[in-house]
1. Under a plain spin-label model, where a point goes 7 Å from the Cα along Cα-to-Cβ, how far apart in nm are B:Lys59 and A:Asp44?
2. Report A:Ile122's accessible area, 1.4 Å probe, all protein chains in place, as a number in Å² to the nearest 10.
3. Given R₀ = 25 Å, FRET efficiency for B:Phe31-A:Ala168 by Cβ-Cβ distance, to 0.05?
4. 5 Å is the cut-off here: which amide hydrogens, built 1.01 Å from N in the peptide plane, fall below it relative to B:Thr35, excluding neighbours closer than 5 in sequence?
5. Per-residue ellipticity at 222 nm for chain A, helices alone: DSSP H runs ≥ 4 residues times -39500 (n - 2.57), over residue total, nearest 500 deg cm²/dmol?
6. Would you tell me the mean number of C-beta atoms belonging to other protein chains that fall within 10 Å of each C-beta in B:70-80, as a whole number?
7. Most fluctuating residue of A:Thr138, A:Thr164, A:Thr45 in a GNM of chain A with Cα springs under 10 Å: which is it?
8. Report, in debye and to the nearest 20, how large the dipole of region A:16-146 comes out about its Cα centre when Lys and Arg carry +1 and Asp and Glu carry -1 on their Cβ.
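The values are calculated or read from the model by the stated rules, or taken from the named source; none is laboratory data. What you are looking at is a predicted structure, and each value in this text was computed from that prediction instead of being measured. In this analysis, Cβ positions are derived from the backbone assuming ideal geometry, glycine residues included, and neighbour counts consider all displayed protein chains. Protein only, heavy atoms only, side chains kept; ligands, DNA and RNA dropped before computing areas. Shrake-Rupley method; radii C 1.70, N 1.55, O 1.52, S 1.80 Å.
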Amino acid sequence: MARRTAPEINAGSMADIAFLLLIFFLVTTTIEKDRGLVRALPPDTPTELTPPIIKEKNLFVVIVNNDGELLVENEPMEMKDLQEAAIEFLDNGGTPRGQEGYCDYCQGKRSLSSSDYPDKAIITVKSLRESSYESFITVQNELVGAYNFLRDRESERLYGWKYTDVSAQIDEGVYKGNEEATKEKLDIIKNMYPQKLSEIDPKQ
Amino acid sequence: MSKFRKGGGKELPAISTASLPDIVFMLLFFFMVATVLRKNDVKVAQILPSADQTEKLKKDRSVYIFAGKPGEGYKNLGTEGKIQIGDKFVDVNEVQPAILEEREKLRDELKDYVMVAFKVDKETNSGLVYDVKQELRQANLLKVIYITTQTEDAVQ
């Protein structure tokens with residue numbers, strides 16, 4: 001008997017089968033890459049509760065109209081100037097030196113007619129009912145950007161890294177180093193410029 | 001020369017395609033690992049607004065609310081913005097039971113950390129979104145995330 005090698009199996013159709021499976025997975029699945037702006041809503045409080053009195057100068061009012069135009073502190077404003085105006089307001093530190101509530105890390109103009117202290121500065125957004133969601137998001141984005149700018153600045157001054165970079169790394173789970181200690185530092189920065197964004201009922 | 005010429009003029013041997021399935025299988029496994037099956041059939045328009053100051057969504061503890069004008073195949077419902085939770089359209093006053101029902105699908109230990117993800121078409125009225133948020137406040141679901149598309153700079 002002559003020795004015969006086993007005949008080669010034709011694997012040509014295997015590729016077709018694999019392609020079919022591949023295409024099936026391509027159409028039925030999605031790559032999850034959802035990112036967005038995180039916000040905490042205020043708890044539902046009974047209406048008879050009187051709201052705390054807030055000084056007018058500690059309020060920064062942004063109104064969005066139906067065409068997506070802005071009215072900031074009763075002045076019309078372009079979207080691109082909003083972030084800068086918000087930074088100026090938050091970073092003002094209007095309490096004079098020596099008095100209680102003096103902000104020793106603020107670098108703003110220290111105007112007496114603007115916010116006293118970052119913790120007291122409140123930004124309120126009022127968007128009219130018919131205004132588009134896009135303009136609402138753009139305004140929110142610019143305001144979050146203002147907070148992030150200030151937090152980055154302070155964390156760089158105190159620790160030498162950017163707040164947003166490090167918190168993103170921790171979120172992704174790729175942060176190298178002592179996570180607990182860093183989270184404490186992040187909290188310190190967070191409390192220097194706490195996010196105080198509120199929304200007003202558009203029906204009012 | 002005749003020494004090397006056995007059997008006359010030979011044809012080129014067929015190129016082996018045996019490794020082709022391996023390559024395709026590798027691709028297949030990559031997609032199987034990197035993607036997830038689509039959960040909801042989105043019935044509303046979904047062109048999300050863009051933003052650059054975003055954070056990553058924690059998938060395992062979020063429930064989605066979709067809103068926008070009715071999409072392809074649902075044009076008979078008009079052009080007003082609609083809310084979709086799970087697989088069905090809901091009215092504003094039905095948001096609470098629907099969202100609590102969705103929450104039940106999450107893992108037990110994460111139910112208290114639930115985050116509501118808004119996937120809202122950019123042309124929707126913000127009044128509708130506001131109404132939904134009021135409902136969420138009443139249901140005591142206070143953590144929300146507005147899903148956006150990522151850009152380098154949102155303001156042109």
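1. Between B:Lys59 and A:Asp44, the label points sit 3.2 nm apart.
2. It works out to around 40 Å².
3. Values: r = 26 Å, r/R0 = 1.05.
So the FRET efficiency works out to roughly 0.45.
4. Placed amide hydrogens put nothing under 5 Å from B:Thr35.
5. Numbers: 5 runs with 79 residues, N = 204.
After summing the helix terms and dividing by residue count, I get -13000 deg cm²/dmol.
6. On the way: counts 0, 0, 0, 0, 0, 0, 0, 0, 0, 0, 0.
Mean partner shielding for this stretch: 0.
7. Looking only at A:Thr138, A:Thr164, A:Thr45, the biggest GNM fluctuation is shown by A:Thr45.
8. On the way: 12 positive and 22 negative charges, 63 e Å.
Dipole magnitude for region A:16-146 comes out near 300 debye.
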